[in-house]
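The values are calculated or read from the model by the stated rules, or taken from the named source; none is laboratory data. All values derive from a computational prediction rather than experimental measurement. Cβ coordinates were reconstructed from backbone atoms using ideal geometry, including for glycine residues, and neighbour counts include every protein chain displayed. In case anyone asks, the SASA skips ligands and DNA or RNA and just uses the protein heavy atoms, side chains included. Shrake-Rupley method; radii C 1.70, N 1.55, O 1.52, S 1.80 Å.
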Amino acid sequence: MNRRFFLKFGTSALTLGSSELLLAMPEPYLDTNIKDHLELNYKSCKDFSHDALNKKPVIASYDERTLLNSISIKLKKTQRYVGFGHFNLLCFDEMLWIARNTPKIGEFSSAELNYIEQVFYTQAADYGFYGKKVTHKLSDKISKNETLKVPYTGHYLYKGDPSDLYERLKREVGPSIVLTSGVRSVVKQLDLFCYKASKLRGNYSLAAHSLAPPGYSFHGVSDFDVGKVGYGYKNFTSAFAKTQEYKNLQKLGYINIRYPKNNPFGVRFEPWHIKV
Ligand SMILES: [Zn+2]
């Protein structure tokens, strides 16, 4: 726990359970690109027409939520330890090694590891997510050599088609378009998904509506997200579709949205997500 966090939340943290502790974390401790998670709640899901809400949602039990929260806290601490950029590419085995050898993170318990495996190997269709699995093993690695770091963003793109497409978008749309999320390792997607499920009180069906479960994200193989410079968390809301940047992207015919409105995958409309 960093000093600022402790000073601000130290006293109250003593009386909080792990779930509340996670939710009480100040935003700088969290990933700025998941600020939409803070927006998402049951009410804001009223546009959720997918059958996942009509069938029984998959919800973690009390014990599972405890594991989910402790896993999420360790992943956040690891992200803080290795740095935002590096965490995007961090592979699972490396993450375990770092946690084990860094006292302020702490080794993952066997119960936590079993639960991570359970989350990773669950068929996402059970949650109402119908996209295909693109990363099949928890231990799959991303080689840094296959990627390019995009300056000033903290993100990476795969070399070849993804980085070529991004360069074209920048040239055509102009400097007000920016990469907001690029390559994501299994660990990064696991972190995003566990955090989101934790925020949604263990409701995996709702979490999967707004974020691909780990292994199912095309960020693992090619896709990326763009936004308007200075637009903050709104870049990850439908408000992005109203910006001139989005209109230009559309007009120029460069974008091919992976998750259009009413897509068959059970995922909300994501105008910022570029399919490669
Ligand atoms: Zn995306």
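Out of Ile116, Ile98, Ile71, report the one residue that is assigned to a helix (DSSP H, G or I), surrounded by fewer than 21 Cβ atoms within 10 Å (Cβ to Cβ) and not small (Gly, Ala, Ser). Step through it out loud before you land on a result.
Working: Ile116 fails: surrounded by fewer than 21 Cβ atoms within 10 Å (Cβ to Cβ); Ile71 fails: surrounded by fewer than 21 Cβ atoms within 10 Å (Cβ to Cβ).
None of the others qualify; the one that does is Ile98.
Go through Phe129, Phe108 for me and flag whichever is surrounded by 15 or more Cβ atoms within 10 Å (Cβ to Cβ), of a type in the set (Phe, Trp, Tyr), more than 26 Å from Ser143 (Cα to Cα) and in contact (Cβ under 8 Å) with a residue 24 or more places away in the chain. Can you show your working first?
Values: Phe108 fails: more than 26 Å from Ser143 (Cα to Cα).
Step by step, each of Phe129, Phe108 is checked, and only Phe129 is surrounded by 15 or more Cβ atoms within 10 Å (Cβ to Cβ), of a type in the set (Phe, Trp, Tyr), more than 26 Å from Ser143 (Cα to Cα) and in contact (Cβ under 8 Å) with a residue 24 or more places away in the chain.
Matching residues to (1) in contact with a Pro (Cβ under 8 Å, 6 or more places away or on another chain); (2) under 22 Å from Tyr259 (Cβ atoms):
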position	(1), (2)
Ser143	no, no
Glu146	no, no
Gly160	no, no
Thr180	no, yes
Ser198	no, no
Pro214	no, yes
Ser222	yes, yes
Phe236	no, yes
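Does the stretch 181-198 include one or more residues that are aliphatic (A, V, I, L, M), in contact with a strand residue (DSSP E or B) (Cβ under 8 Å, 6 or more places away or on another chain) and farther than 29 Å from Tyr121 by Cβ? Before you say what the answer is, go through the steps one by one.
Start the filter on the stretch 181-198 by keeping residues that are aliphatic (A, V, I, L, M), which leaves 183, 186-187, 190, 192, 197.
Imposing the further condition that a residue be in contact with a strand residue (DSSP E or B) (Cβ under 8 Å, 6 or more places away or on another chain) reduces the set to 183, 197.
Next, from what is left, pick out any that are farther than 29 Å from Tyr121 by Cβ: none.
Checked the stretch 181-198: no residue is aliphatic (A, V, I, L, M), in contact with a strand residue (DSSP E or B) (Cβ under 8 Å, 6 or more places away or on another chain) and farther than 29 Å from Tyr121 by Cβ.
Suppose we filter Asp164, Asp140, Asp126 for residues that are in a loop (DSSP other than H, G, I, E, B), farther than 16 Å from Ser70 by Cα and of a type in the set (D, E, K, R); which single one remains? First the steps, then the outcome.
Details: Asp164 fails: in a loop (DSSP other than H, G, I, E, B); Asp126 fails: in a loop (DSSP other than H, G, I, E, B).
Answer to the selection: Asp140.
Given the criterion farther than 27 Å from Asp140 by Cα and polar (S, T, N, Q), identify the matching residue among Thr180, Thr243. Can you show your working first?
Numbers: Thr180 fails: farther than 27 Å from Asp140 by Cα.
The match here is Thr243.
Could you tell me which residue of the stretch 187-206 is surrounded by the most Cβ atoms within 10 Å (Cβ to Cβ), considering only residues that are aliphatic (A, V, I, L, M) and more than 15 Å from the ligand (Cβ to nearest atom)?
Filtering first and then ranking leaves Ala197.
Can you tell me which of (1) surrounded by fewer than 23 Cβ atoms within 10 Å (Cβ to Cβ); (2) touching a residue at least 12 places away in the same chain (Cβ under 8 Å) is the one Ala212 doesn't meet?
Every listed condition holds for Ala212 apart from (1).
When only residues in the stretch 177-201 that are at pLDDT below 95 and in a loop (DSSP other than H, G, I, E, B) count, which is farthest from the chain's Cα centre (by Cα)?
Arg201
Which of the residues spanning the stretch 246-268 are on the phi < 0 side of the Ramachandran plot, open to solvent by less than 50 Å² (accessible area, probe 1.4 Å) and within 16 Å of the ligand (Cβ to nearest atom)? Quick ask: steps written out before the conclusion?
Step one: of the stretch 246-268, the residues on the phi < 0 side of the Ramachandran plot are 246-252, 254-261, 263-265, 267-268.
Subset that is open to solvent by less than 50 Å² (accessible area, probe 1.4 Å): 246, 248-249, 255, 257-259, 263, 267-268.
Within the stretch 246-268, Tyr246, Leu249, Ile255, Ile257, Arg258, Tyr259, Asn263, Val267, Arg268 qualify.
If you take the residues in the stretch 226-240 that are more than 14 Å from the ligand (Cβ to nearest atom) and hydrophobic (A, V, I, L, M, F, W, C), which one is least open to solvent (accessible area, probe 1.4 Å)?
Ala239
Identify all residues within the stretch 210-219 that are within 11 Å of the ligand (Cβ to nearest atom) and under 15 Å from Lys188 (Cα atoms); write none if there are none. Working first, answer last.
To start, the set of residues in the stretch 210-219 that are within 11 Å of the ligand (Cβ to nearest atom) comprises 210-212, 217-219.
Listed by number, the residues that qualify are Leu211, Ala212, Ser217, Phe218, His219.
Just checking, which of Gly202, Gly232, Gly182 is touching a His at 6+ places or on another chain (Cβ under 6 Å) and either among the aliphatic types (A, V, I, L, M) or in contact (Cβ under 8 Å) with a residue 12 or more places away in the chain (or both)? First the steps, then the outcome.
On the way: Gly202 fails: touching a His at 6+ places or on another chain (Cβ under 6 Å); Gly232 fails: touching a His at 6+ places or on another chain (Cβ under 6 Å).
None of the other options fit; the residue is Gly182.
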